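The values are calculated or read from the model by the stated rules, or taken from the named source; none is laboratory data. Not measured: the values here are computed from a predicted model. Every residue, glycine as well, gets a Cβ built from its backbone with ideal geometry; the counts of neighbours run over all protein chains shown. With ligands, DNA and RNA removed, areas are computed over all heavy atoms of the protein, side chains included. Shrake-Rupley method; radii C 1.70, N 1.55, O 1.52, S 1.80 Å.
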Amino acid sequence: MTAADNQQWVRERIVPAEIDKYLRLDGSDYVDDAEIARLLEATGEPEAEQVRAIIAKAMAVQTLSQEELATLMRVRDPDLREEMRFAAGAVKRQVYDNRIVTFAPLYLSSKCVNNCVYCGLRGENEAVERRVLSMDEVRAEAEALAGTLGHKRLVVVYGEHPESGADYIAESIRAIYSVKVPTRKGVGQIRRVNVNAAPMRVSELKTLHECGLGTFQVFQETYDRRAYAQMHPAHTLKGDFRWRLTAMHRAQEAGIDDNGIGVLYGLSDWRFELLGQQAHALEMERFCGIGPHTLSFPRLEPAVNTPFLENPKWRVGDDDFERIVTLARLAVPYAGLILTARESPAMRRRLLPLGVTQMDAASNIGVGAYAGGQEKQQGERQQFLLGDPRGLDEVIREWAGMGCITSFCTAGYRCGRTGKCIMDLLRSGAEGKFCKLNAVLTFKEWLDDFATPETQAVGEALLQKELDEVRRTQPKIWPAFWANYQRTAAGERDLYF
Ligand code: SF4
């Protein structure tokens, strides 16, 4: 494609009617700047009784209002803050038990028409090599991930560019699902393809839904309109704040009911961001009864030839970041919380007990990096630099040592437990009973197919505890479950409840 073709593509991408229909009658959108400013102006320490009532609401797995979230943000008393941290962990255990879901990011393209000032892949950054993988290369990446590392769930990432538009995304999803690789005892395959991409039109999203797209992620980056305009040049596609703000409305209208939202922390005041994100969660619930499936917490990380990252005004420190995760856990208690390998191992250890439910490992964010055996942290080939470069085996061993079972389960999605169904099951605690069974089966698969002897020993000890718990707490289902467990141990794969 020529530069003129690209410009034409950019000009035609946004459909104003697919923004306007989701606005309020007065033309406003769901991020009420004045209301957020009003909430942030209040500075007094809230009464302990009031704080505990809000914590109790979170423990009942009810979404908090913006006002309630703002109240929790004002807590300075160390004992009350400790109560909030404890409650965040308790909410997570109540909704998700001791499971931690793992996935790998997979970058298929590094061409981008946008120029976000914080991003190493911005179109004007000449220090970065540009690639869009062919379908053979996409399959090779999936083979490496499913056959060598043992991943079953991906978040596939695409730059916004005509060469990696909706047709390319659809083809790549099909290519990834087609891969099956022999493993030590069974067969490896990717069972859930989540996508992190630019906002799309309803018709495009319908196509992706039909190809089996899992969760659709679009992060607003910042809910602060002024900061958004500074970070995303107006003449670029991403410069349209509301096209992005309404991305999830279009996804839900297209039938995609698992949607992930997030903030890139460090672009504006994190308090504003959390309240903006809460407005988004409440808007999704209002619009079609389904809130966000996941919340993500990327923080700014260094990237090659990206001066903005040297000293951003709103960089979020570790203590504030811990507060963000705690507050988000309480604010949207049913949502999965994703903490990626952008963060250091120490930070991931610190935040896991506060309610994180999903983390990646063995991540390599260079385009074509898994099959190509590319060294990690090649700045000229990736969007940013990672904080946790450890392998999956080491990370899973650490989680098992912390009492967390790694789940590769994707059964819920394939049994139709998505969207409102999964949200209601999570709220009631009922999903946990399926998840525990499937976590055990998939953990057994992974230990047998990929773990080192050291990790197998730690993992098998944890499995014994989990098996005892299932036998004790779910006696009716135990015989069928035990039969599936034995079939899994014998090499059968993808058995689930
Ligand atoms: S953040 Fe995304 S849209 Fe912006 S320049 Fe980077 S890859 Fe492109």
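Go through the stretch 253-272 residue by residue and tally those that are more than 16 Å from the ligand (Cβ to nearest atom) and either of a type in the set (K, R) or touching a strand residue (DSSP E or B) at 6+ places or on another chain (Cβ under 7 Å) (or both).
Looking only at the stretch 253-272, we keep the residues that are more than 16 Å from the ligand (Cβ to nearest atom), and these are 253-259, 269-272.
Next cut, either of a type in the set (K, R) or touching a strand residue (DSSP E or B) at 6+ places or on another chain (Cβ under 7 Å) (or both) only: 256, 258-259, 271.
The number of residues fulfilling the criteria is 4.
All conditions but one from (1) open to solvent by less than 20 Å² (accessible area, probe 1.4 Å); (2) of a type in the set (A, V, I, L, M); (3) under 30 Å from A53 (Cα atoms) apply to L282; the one that does not is (1). Screening the stretch 223-243 for residues that are surrounded by fewer than 21 Cβ atoms within 10 Å (Cβ to Cβ) and of a type in the set (D, E, K, R) and picking the one that is farthest from E12 (Cα to Cα) gives R226. Helices (runs of 4 or more DSSP H) fully within the stretch 280-386 that include at least 2 residues being over 27 Å from P78 (Cβ atoms) and out of contact with any Gly (no Cβ under 7 Å at 6 or more places or on another chain): 369-372. Within the stretch 255-279, the set of residues being in a loop (DSSP other than H, G, I, E, B) and among the small types (G, A, S) comprises G255, G266, S268.
Rundown of residues vs (1) away from the ligand (no atom under 16 Å from the Cβ); (2) open to solvent by less than 20 Å² (accessible area, probe 1.4 Å); (3) of a type in the set (D, E, K, R), yes/no style:
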{"site": "Q66", "(1), (2), (3)": "yes, no, no"}
{"site": "P78", "(1), (2), (3)": "yes, no, no"}
{"site": "V95", "(1), (2), (3)": "yes, yes, no"}
{"site": "L108", "(1), (2), (3)": "no, yes, no"}
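Mind checking which residues of the stretch 110-148 are among the acidic types (D, E) and farther than 19 Å from A3 by Cβ? Reasoning before the result, please.
Initially, the stretch 110-148 is screened for residues among the acidic types (D, E), giving 124, 126, 129, 136-137, 141, 143.
Residues satisfying the conditions are D136, E137, E141, E143.
Applying the criterion of being touching a Pro at 6+ places or on another chain (Cβ under 7 Å) and open to solvent by 10 Å² or more (accessible area, probe 1.4 Å) to the residues of the stretch 313-366, the residue that is modelled with the highest pLDDT is T340. For the stretch 29-53, a residue qualifies if it is of a type outside the set (D, E) and either open to solvent by 40 Å² or more (accessible area, probe 1.4 Å) or in contact with a Gly (Cβ under 6 Å, 6 or more places away or on another chain) (or both), and the qualifying residues are V31, A34, A37, R38, L40, A42, T43, G44, Q50, R52, A53. Residue count for the stretch 1-27 under the criterion of being modelled with pLDDT of 95 or more and loosely packed, with under 11 Cβ neighbours inside 10 Å: the result is 6. Taking the options R315, R342, R323, name whichever one is among the charged types (D, E, K, R), within 23 Å of E273 (Cα to Cα) and touching an Asp or Glu at 6+ places or on another chain (Cβ under 7 Å). That would be R342, the only listed residue that is among the charged types (D, E, K, R), within 23 Å of E273 (Cα to Cα) and touching an Asp or Glu at 6+ places or on another chain (Cβ under 7 Å). If the condition is being without any contact (Cβ under 8 Å) to a residue 60 or more places away in the chain and either at positive phi or in contact with a Phe, Trp or Tyr (Cβ under 6 Å, 6 or more places away or on another chain) (or both), then the stretch 235-272 contributes F241, A251, G255, I256, N259, S268.
Residue pairs whose Cβ atoms lie under 8 Å apart, separated by 6 or more positions or on different chains, with the first residue in the stretch 24-51 and under 19 Å from L64 (Cβ atoms) and the second of a type in the set (S, T, N, Q), are E35/Q66; I36/Q66; L39/Q66; P46/T71; Q50/T71; V51/T71. Once the stretch 114-132 is narrowed to residues that are closer than 21 Å to P199 by Cα and hydrophobic (A, V, I, L, M, F, W, C), the residue that is farthest from the ligand (Cβ to nearest atom) is V132.
When restricted to residues that are part of a loop (DSSP other than H, G, I, E, B) and farther than 13 Å from N438 by Cα, the stretch 471-497 contains 6. Checking each residue in the stretch 148-166 for being farther than 23 Å from F219 by Cβ, open to solvent by 20 Å² or more (accessible area, probe 1.4 Å) and not polar (S, T, N, Q) picks out only L149. Cβ separations smaller than 6 Å between residues 6+ apart or across chains give the following pairs from the stretch 136-150 residues that are among the small types (G, A, S) to residues that are assigned to a helix (DSSP H, G or I) and open to solvent by less than 10 Å² (accessible area, probe 1.4 Å): A142/I176; G150/W446; G150/D449. Flag set for L300, criterion: open to solvent by 10 Å² or more (accessible area, probe 1.4 Å), of a type in the set (A, V, I, L, M), modelled with pLDDT of 90 or more and touching a strand residue (DSSP E or B) at 6+ places or on another chain (Cβ under 9 Å).
Inside the stretch 180-191, residues that are in contact with a Gly (Cβ under 8 Å, 6 or more places away or on another chain) and open to solvent by 10 Å² or more (accessible area, probe 1.4 Å) make up a count of 6.
With respect to I173, is the statement that it is hydrophobic (A, V, I, L, M, F, W, C), farther than 20 Å from S296 by Cα and out of contact with any helix residue (DSSP H, G or I) (no Cβ under 6 Å at 6 or more places or on another chain) true?
Numbers: hydrophobic (A, V, I, L, M, F, W, C): yes; farther than 20 Å from S296 by Cα: yes; out of contact with any helix residue (DSSP H, G or I) (no Cβ under 6 Å at 6 or more places or on another chain): yes.
For I173, the condition - hydrophobic (A, V, I, L, M, F, W, C), farther than 20 Å from S296 by Cα and out of contact with any helix residue (DSSP H, G or I) (no Cβ under 6 Å at 6 or more places or on another chain) - is met.
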